[in-house]
1. Does L75 fit the bill of being open to solvent by 60 Å² or more (accessible area, probe 1.4 Å), of a type in the set (A, V, I, L, M, F, W, C) and closer than 20 Å to I6 by Cβ?
2. Give the residue that is farthest from G18 (Cα to Cα), with candidates limited to residues of segment 42-85 that are among the charged types (D, E, K, R) and in contact with a strand residue (DSSP E or B) (Cβ under 8 Å, 6 or more places away or on another chain).
3. So which residues in segment 47-66 are farther than 21 Å from A10 by Cβ and either hydroxyl-bearing (S, T, Y) or in a loop (DSSP other than H, G, I, E, B) (or both), if there are any at all?
4. With the requirement that a residue be without any contact (Cβ under 8 Å) to a residue 24 or more places away in the chain, aliphatic (A, V, I, L, M) and assigned to a loop (DSSP other than H, G, I, E, B), what does segment 23-41 give you?
5. Are any of the residues in segment 6-14 aliphatic (A, V, I, L, M) and touching a Pro at 6+ places or on another chain (Cβ under 8 Å)?
6. Restricting to segment 1-22, count the residues that are open to solvent by less than 90 Å² (accessible area, probe 1.4 Å), among the β-branched types (V, I, T) and not in a helix (DSSP H, G or I).
7. Here's a check for you: in segment 23-41, which residue that is touching a strand residue (DSSP E or B) at 6+ places or on another chain (Cβ under 7 Å) and under 24 Å from E66 (Cβ atoms) is most open to solvent (accessible area, probe 1.4 Å)?
8. Among the residues in segment 49-62, are any of a type in the set (G, A, S) and under 15 Å from the mean Cα position of the chain (by Cα)?
Amino acid sequence: VLKEKILRFAPRLVCFHGLMAYKAYLQHGEGVKESPKLGLQDRTIGSSRIFVVPNPSPANAAFSLEVIAGWYQQLAALRDSLKRG
């Protein structure tokens, strides 16, 4: 269902919060098992670019607030560059 909605609405950028969420999408939406890394992905969903940030949940204490904020700053920079064309 998620893949269908992304293909239908075709946002420039899709953000997954956490590698587990993106891995679940890959397995169920694409039928592949991969070990992605955080950040911009080589894979797209239709014309939509994919960016993965650390899960900001307090249960995910592996990343400091500063590190998480840095990933969101990278996401914002990518979003802005895609807007400019």
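1. no
2. At the first step, the residues of segment 42-85 found to be among the charged types (D, E, K, R) are 42-43, 49, 66, 79-80, 83-84.
Restricting the remaining residues to those that are in contact with a strand residue (DSSP E or B) (Cβ under 8 Å, 6 or more places away or on another chain) gives 43, 49, 79.
Working: R43: 16, R49: 16, R79: 18 Å.
Once the filter is applied, the top-ranked residue is R79.
3. Passing the criteria: P54, N55, P56, S57, P58, A59, N60, A61, A62, F63, S64.
4. V32 - this is the single residue of segment 23-41 that is without any contact (Cβ under 8 Å) to a residue 24 or more places away in the chain, aliphatic (A, V, I, L, M) and assigned to a loop (DSSP other than H, G, I, E, B).
5. To start, the set of residues in segment 6-14 that are aliphatic (A, V, I, L, M) comprises 6-7, 10, 13-14.
Subset that is touching a Pro at 6+ places or on another chain (Cβ under 8 Å): none.
Checked segment 6-14: no residue is aliphatic (A, V, I, L, M) and touching a Pro at 6+ places or on another chain (Cβ under 8 Å).
6. 1
7. If we take residues in segment 23-41 being touching a strand residue (DSSP E or B) at 6+ places or on another chain (Cβ under 7 Å) and under 24 Å from E66 (Cβ atoms), then L40 is most open to solvent (accessible area, probe 1.4 Å).
8. Taking every residue of segment 49-62 in turn, none turns out to be of a type in the set (G, A, S) and under 15 Å from the mean Cα position of the chain (by Cα).
The values are calculated or read from the model by the stated rules, or taken from the named source; none is laboratory data. Because the structure is predicted, anything quoted here is derived from the model rather than measured. Positions of Cβ are backbone-derived with ideal geometry, glycine not excepted, and every protein chain shown enters the neighbour counts. In case anyone asks, the SASA skips ligands and DNA or RNA and just uses the protein heavy atoms, side chains included. Shrake-Rupley method; radii C 1.70, N 1.55, O 1.52, S 1.80 Å.
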